[in-house]
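These notes concern the structure reproduced below.
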Amino acid sequence: MLNFIKKAAAKIWAKKHVRNSDSYKSNAAQNQEKLLLDMVRQAEKTLFGRTFRFEDIHTVADYQKQVPVNDYEGLKPYIEKVKKGQANILWTGTPEYFAKTSGTTSGSKYIPISKEGMPFQIAGAQSALFHYISKKNNADFVTGKMIFLQGSPELEEVYGIKTGRLSGIVAHHIPNYLQKNRLPSWETNLIDDWETKVDKIVEETEHENMTLISGIPPWLIMYFEKLIAKSGKKITELFPNLQLIVTGGVNYEPYREKMQELLGKPVDIVQTFPASEGFFAFQDDYTKEGLLLLTNHGIFYEFIPLENYGKPDAKRLTLKDVELNKDYALILTTNSGLWAYSIGDVVRFISKNPHRILVSGRTKHFTSAFGEHVIAIEVEEAMKAAVQKFPAQINEFHLAPRVNPEAGLPYHEWFIEFEKEPTDFEAFRNTLDDELRSRNTYYNDLITGNVL
């Protein structure tokens, strides 16, 4: 009886939530400008606001004229002041948390999360589940056990500001109604060594009624492989009531074939787009591709056409200006004090009513040694198509230009780790190249012109 009530209540809440969200979906462009100006007004007296004369900003155009695009290096002098305990630097007061991430040029990055920004990290994940329940008209998973594969929730302090990995921070904000169903245990989550941690998670979950599993694809695969090695069963045999997998962090598509093999039979997948800087989007219809952009979650979005990114005069577009099927560098302004921040992700709109996106790559993840400007999503889609035609299974792959071969024309070289090899390598190679040529006209032109 209790389970029936939980499922019925979840469906009622989900339907209400989706109805209430229709307003921001249909008025996204207008609401975004208001959101930006509200954030500017709140931060007028901060050091950043005084430096860039926020009191003179009354339109989006004013903002774009006065506040340049920044990356972490651009904001680092301000973040260093915040790390030393200074208040009212990028946002009012001091952050509630620092999300610590790995950087390439900057070393560890400390991304501020304000008391206003933190609730949206949780609300984004909740909204994803509510949209799934509403679309599926089924909330059976709420009666079983749920696992969130995440980093350690143990936090350090940097001048009084709690600091740790985002997934560890989020662990402190899991709603009470999920706590009884949630795995692994707090003690297991505190284990630092990942292999030891996953072994313990396997021990804690292998005999449970798992109905929802969440994590990034490489972590999920490692967990599933250990479960299968120990039990001798596919995941859906071991967990017959498993209904939903929620994933994010990286593009799911290159891992789909491997995941399907490990699962044994279809399980619903909901993809999300969270980051330390904010929770940006989620798959609001699990039956279709595309992630719903969250336009009322404390983030103002700008978009720079990828071909212009990095140019000093690059035009910054807003939601009302974007075009479908065009790649844009994503620029954020958040209610945690990131101003015109280039996060490094590239997105492509596939719908404008509502605004749905694909994450098509990273601003630094492309190859253009010969002017072809092949981006990540084109490479991933070509690989996915080739794998499906043969079929084959891959674990990882990499593409790089061979600029000065010992003989013949330059070419693209692929390094592929196969789980299951194609029966005909030459046919696979030709298919892979054909699929990439069909997705990138510049690359195709270079081949037909005997440049590659």
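The values are calculated or read from the model by the stated rules, or taken from the named source; none is laboratory data. Quick caveat: nothing in here was measured; it's all calculated off a predicted structure. Neighbour counts are summed over all protein chains in view; Cβ atoms, including those assigned to glycine, are modelled from backbone coordinates with ideal geometry. For accessibility, only protein heavy atoms count, side chains too; no ligands or nucleic acids. Shrake-Rupley method; radii C 1.70, N 1.55, O 1.52, S 1.80 Å.
Descriptive notes on the structure:
- Over the chain, relative contact order from alpha-carbon pairs under 8 Å, at least 6 apart, %: 13 percent
- For the range 1-87, the Kirkwood estimate of hydrodynamic radius, built from reciprocal distances between every pair of different alpha carbons, is 16.6 Å.
- Between the range 290-310 and the range 76-145, the Cα center-to-center distance that results, in Å: 17 Å
- Span-like helix criteria (full DSSP H runs; alpha carbon extent of at least 24 Å along the helix axis; mean Kyte-Doolittle hydropathy of at least -1.0) are satisfied in the chain by 2-26, 118-136.
- Per-peptide packing, taken as the mean over residues of other Cβ atoms within 10 Å, places 139-147, 294-302, 23-31 in the sequence 294-302, 139-147, 23-31 from highest down.
- The range 169-297, relative contact order in percent, only Cα pairs under 8 angstrom and at least six apart counted: 17 percent
- Extension gain for Ala8-Glu261 works out to 87.8 nm (0.36 nm per residue, less the C-alpha to C-alpha distance).
- Ellipsoid equivalent to the chain - semi-axes via the Cα gyration tensor, in Å: 34, 33, 22
- Highest-first packing order for the peptide set 372-378, 353-359 is 372-378, 353-359, based on the mean count of other beta carbon atoms within 10 Å.
- Think of the range 74-149 as a dipole: +1 on every Lys or Arg Cβ, -1 on every Asp or Glu Cβ, centred on the Cα centre; then among Ser127, Pro95, Val142, Pro95 lies furthest on the positive end.
- Counting charges near Gln64 (Lys, Arg +1; Asp, Glu -1) among other residues having Cβ under 14 Å from its Cβ returns a value of -1.
- Once the 1.4 Å probe is applied to the protein heavy atoms, the range 378-439 comes out at 60 Å² accessible per residue.
- The radius of gyration of the Cα set in the range 227-368, together with its Dmax, comes out at 17.8, 59 angstrom.
- Cα-centred dipole magnitude for the range 1-118, charges only on beta-carbon of K, R (+1) and D, E (-1), debye, nearest 20: 720 debye
- Mean Cβ count within 10 Å, highest first, over the residues of peptides 224-233, 406-415: 224-233, 406-415
- Whole-angstrom gap from the range 404-428 to the range 370-386, using each part's C-alpha centre: 14 Å
- Accessible solvent surface per residue of the range 1-100, calculated while the other protein chains remain in place, 1.4 angstrom probe, Å²: 55 Å²
- Rounded to 5, percent antiparallel among DSSP beta bridges of the chain: 70 percent
- Placing +1 on the Cβ of every Lys and Arg and -1 on the Cβ of every Asp and Glu, with no other charges, gives the range 106-243 a dipole of roughly 520 debye about its Cα centre.
- Size descriptor, Kirkwood hydrodynamic radius, that averages inverse alpha-carbon separations across the range 345-415, Å: 14.2 Å
- For the range 163-296, a simple Cβ point-charge model (Lys and Arg +1, Asp and Glu -1, everything else neutral) yields a dipole of about 180 debye relative to the Cα centre.
- For the range 29-63 versus the range 336-368, the gap between their alpha-carbon centres in whole angstrom: 22 Å
- Hits among lysines - C-alpha to C-alpha of Lys7 under 22 Å, sequence gap 8 or more where chains match: Lys15, Lys16, Lys135, Lys136, Lys145, Lys180
- Carbon-plus-sulfur accessible fraction, the chain (probe radius 1.4 Å, protein heavy atoms only): 50%.
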